[in-house]
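These notes concern the structure reproduced below.
The values are calculated or read from the model by the stated rules, or taken from the named source; none is laboratory data. Owing to the predicted nature of the structure, the values given are computational and were not obtained by experimental measurement. Positions of Cβ are generated from backbone atoms using ideal geometry, with glycine treated the same way; all protein chains shown enter the neighbour counts. What goes into the accessible areas is simple: the full protein's heavy atoms, side chains included, and nothing from ligands, DNA or RNA. Shrake-Rupley method; radii C 1.70, N 1.55, O 1.52, S 1.80 Å.
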Protein chains: 2
Amino acid sequence: MSDLQPAAQPLCDATHDPALRSWVASANWPDADFPIQNLPLGRFRPVGRDPAQPEPLRVGVAIGDQVLDLKAAATMCPWADEVHPLLEPLAAGDLAAFMALGRPAWRTLRAALSAALAEGSDQGPFLESCLLPMAEAQMALPCRIGDYTDFYAGIHHARTVGALMRPDSPLLPNYAWVPIGYHGRASSVGIEGRVKRPQGQTRSKDSGEGGAPHVGPSKRLDYELELGLWIGAANALGEPVAMAQAEDRLFGVTLLNDWSARDIQAWEYQPLGPFLAKSFVTTVSPWVVSFEALAPFRRPPVRPADQPAALPYLESDFNAAHGALDITLEVWLQTAAMRTRGEPALRLSQSNALDACWTPAQLVTHHTSNGCNLQVGDLLGTGTLSGPLPEQGGSLLELSQGGRQPLTLPNGEQRSFLEDGDTVTLRAHCRAPGAVRIALGTVSGTVLAA
Amino acid sequence: MSDLQPAAQPLCDATHDPALRSWVASANWPDADFPIQNLPLGRFRPVGRDPAQPEPLRVGVAIGDQVLDLKAAATMCPWADEVHPLLEPLAAGDLAAFMALGRPAWRTLRAALSAALAEGSDQGPFLESCLLPMAEAQMALPCRIGDYTDFYAGIHHARTVGALMRPDSPLLPNYAWVPIGYHGRASSVGIEGRVKRPQGQTRSKDSGEGGAPHVGPSKRLDYELELGLWIGAANALGEPVAMAQAEDRLFGVTLLNDWSARDIQAWEYQPLGPFLAKSFVTTVSPWVVSFEALAPFRRPPVRPADQPAALPYLESDFNAAHGALDITLEVWLQTAAMRTRGEPALRLSQSNALDACWTPAQLVTHHTSNGCNLQVGDLLGTGTLSGPLPEQGGSLLELSQGGRQPLTLPNGEQRSFLEDGDTVTLRAHCRAPGAVRIALGTVSGTVLAA
């Protein structure tokens, strides 16, 4: 999308200045995920301490290949008066309490961190001792998730999956109008790297229509490439959030892998939707990239040519100008055999969040349109963000055409769905003219036997 | 079901003795909801104090028309040594922390409360000052709900609703085998008595297939009569709970009204299930009746004659002997006109939880069969518990045959779905030979204009 004008430029401020460099050297490396223009927040514990007595989680900022420990930074470094109350919940390890302070607080902290981490800052000498190599930080979920909702905003995904079942009418009539979504399972969302293959009821065509279903490990385990949107401001029950206010509910973005058992889903999902096919695990990347950091990568949303305009309650001037996110998304696979032979991971697909049919603000407004209350720390998944081309599918279900066309990997292995030992890694980054590249980091999971 | 042998009698102990009476006089009244054999727990605040400075919530026991305040009782009354650690979280107002202590603790507390509240107890004089009239207790949710799952275990409901859409095959093929369920919205579960009519997208047959949907207040607002099951013991992610252990995860039962907007649901629910049609509000009764209290009302589950036996992973000896709950369920309606004229509420339907197709333990085991982790304080809805007869439908959708046959009330009013000002009250009670009647109390909600 590099030929687009950067329509969101007015959203940017001094923290986005591409000339800005950090005294943390690794933040200035070309293609660093976490340059000083990014500054994502996350929770961690220092590794290597006594695991029997785990320390409370701390909040940190990713900068280059280092983590700035905000508990240490709050006391070791002088800060402007208005920053102290913002650092208080962060020093206590409570990222949700900081999120609840709202966008002015988020902006103030970002400006303060940017100034403190910038080359030449007189806070630098105080903060050097508050850095921890990223490899020594054991990451955790950014906060307790109240509710997790998963949407279906990836129209290419919806079309391809729909075509597997209904070749003549891939998209159902409501898809053009409703940001389709469903309630997900919050308790099984984690950043944990191991994914145990789920057991469940399945029925194959072989077993006939009348026979008992099979109970056993899923044979069609899959990943789904999504973004996770983190809610930073609540609305009361019964009070919908209009589009004009929806952006201010959005704190930040992570990657999200909506691990799915396709065979369990096919048998269980009628009439109430996916349940055990999804709730065995969902994983997110641990660093929450703020909407402030994403300012240079906001774009006007482009409705697909065959889709009607959004209904009025899902429109706003801001959304029309800046609602969409230009984030390049990738899926990488390393099989057990590749790992054994020392072969690097293979990129399975690349797509872009601009291909989502609905913007983050539209998801918030639709979600609350019935009065449903979103709470600080709630997580919204976008749905699988596939691109328009067959090789841009954000799941194996798409790439293998429902398992009918297995992928042949360069080393000769074949994949219709995931095998035990497969490691799936999602990656995402943003590039735009006149802006420094930032990235969301990664979320990885390795499939364990049932 | 009074001609059934009370198969669960071996589960009973001295706390179920029908001869047991309380020194709290109202607990001995005939048909008291909360006799000494019940002893449900709930959270409350004394009403009438300064609302600007709300006190922390307290945990209480319902006894007759009184609430025993366990914060006061913990200090004002002598208790046996083994009871003190159990009273600690309760005195702190943390019912979930007590639930997390597990079934032996639940049994010990029940026995201690039963002895202390029994006629002639020498603890009586200490506890009298710890009583509060129920009318002076403002009730709250029993605990923070981590995740809320709603099942579809009411086969008569599933059949009637299915027949509205598919007269020839009301039940989908998976219904016979899978305890169908979906993830619900936890944030909007409450005991609040006011239900704001939700707005949403709907499409009527009149608007044609191609036109834009309508956005406005739901015209088909409905209730659903369900039980809520409260999880009292957690399982780790990736560790299914076998049937033999499933009962020990179940702390207690409340009523649950799964308020539903049928027109929003009909338009949005394909392919991922109900979403905004449900998430505007769900209400539960505030007193959690323990599985210990329900011991005299456990029955062998009876699979419907046209349904296959449950798969082996959903069977256990205990479940076959005692898995089902004999709870009579009722829906009552008072319209605004009835209220104005001083007419009492009207009973719309009566059914029994024995008609559920799956037992509480089966719901727990199925839910965790993929490794999904249940947590203390999670809530499972059973699904609408209708009876086999047309007049036993647990929703207006059933009673009015999808709105095609409006109900005519004795005062001449008609109802296909709920009107603004309607108050819906769910009630439930248990009777069995040789046992004292106990009840779950009520959950009421009045519909407010959108």
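Some observations on this one:
- Counting the residues of segment B:392-419 that are open to solvent by 20 Å² or more (accessible area, probe 1.4 Å) and in contact with a Pro (Cβ under 9 Å, 6 or more places away or on another chain) gives 4.
- Residues of segment A:233-261 that are open to solvent by less than 10 Å² (accessible area, probe 1.4 Å) and either of a type in the set (S, T, N, Q) or under 15 Å from the mean Cα position of the chain (by Cα) (or both): A:LEU250, A:PHE251, A:GLY252, A:VAL253, A:THR254, A:LEU255, A:LEU256, A:ASN257, A:ASP258, A:TRP259, A:SER260.
- A:LEU272 fulfils the conditions (1) touching a strand residue (DSSP E or B) at 6+ places or on another chain (Cβ under 6 Å); (2) away from chain B (no Cβ under 11 Å) except for a single criterion, (2).
- Any pair with Cβ under 8 angstrom, 6 or more apart, that starts in segment B:403-414 at a residue that is part of a loop (DSSP other than H, G, I, E, B) and ends at one that is open to solvent by 60 Å² or more (accessible area, probe 1.4 Å): B:GLY403/B:ARG220; B:PRO406/B:GLN414; B:ASN411/B:ARG341
For (1) away from every other protein chain (no Cβ under 14 Å); (2) of a type in the set (Lys, Arg), each residue gets a yes or a no:
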| site | (1), (2) |
| --- | --- |
| A:TRP267 | no, no |
| A:LYS278 | no, yes |
| A:ALA310 | no, no |
| A:ASN319 | yes, no |
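- Checking the stated criteria, A:ASP263 turns out not to satisfy the condition of being acidic (Asp, Glu), at pLDDT below 95, in the same structural domain as A:ALA176 (by TED's automatic domain parsing) and not in a strand (DSSP E or B).
- In summary, B:CYS143 fulfils each of the numbered conditions (1) in a loop (DSSP other than H, G, I, E, B); (2) surrounded by fewer than 17 Cβ atoms within 10 Å (Cβ to Cβ) with the single exception of condition (2).
- Here the strands (runs of 3 or more DSSP E) wholly within segment B:162-219 that include at least 1 residues being surrounded by 16 or more Cβ atoms within 10 Å (Cβ to Cβ) and either modelled with pLDDT under 95 or more than 18 Å from the chain's Cα centre (by Cα) (or both) are B:194-196, B:199-202, B:214-217.
- Residue check for B:ALA153: touching a strand residue (DSSP E or B) at 6+ places or on another chain (Cβ under 6 Å) and within 30 Å of A:GLU268 (Cβ to Cβ): yes
- Selection within segment B:92-122 - open to solvent by less than 30 Å² (accessible area, probe 1.4 Å) and over 26 Å from B:LEU374 (Cβ atoms): B:ALA112, B:LEU113, B:SER114, B:ALA116, B:LEU117, B:ALA118, B:SER121
- Of all residues making up segment A:30-44, the number that are of a type in the set (D, E, K, R) and either open to solvent by less than 10 Å² (accessible area, probe 1.4 Å) or part of a loop (DSSP other than H, G, I, E, B) (or both): 2
- Screening A:GLY323 against (1) away from chain B (no Cβ under 12 Å); (2) under 30 Å from B:GLY184 (Cα atoms); (3) of a type in the set (Gly, Ala, Ser); (4) touching a Leu at 6+ places or on another chain (Cβ under 7 Å) leaves a single unmet condition, (4).
- Residue within segment A:270-278 that is of a type outside the set (Val, Ile, Thr), open to solvent by less than 10 Å² (accessible area, probe 1.4 Å) and over 24 Å from A:TRP358 (Cα atoms) present: yes
- For segment A:253-290, taking the residues that are of a type in the set (Phe, Trp, Tyr) and without any contact (Cβ under 8 Å) to a residue 60 or more places away in the chain, the one that is farthest from A:ALA439 (Cα to Cα) is identified as A:TYR269.
- Residues (among the polar types (S, T, N, Q) and more than 14 Å from every other protein chain (Cβ to nearest Cβ)) located in segment B:345-393: B:SER349, B:GLN350, B:SER351, B:ASN352, B:THR359, B:SER386, B:GLN392
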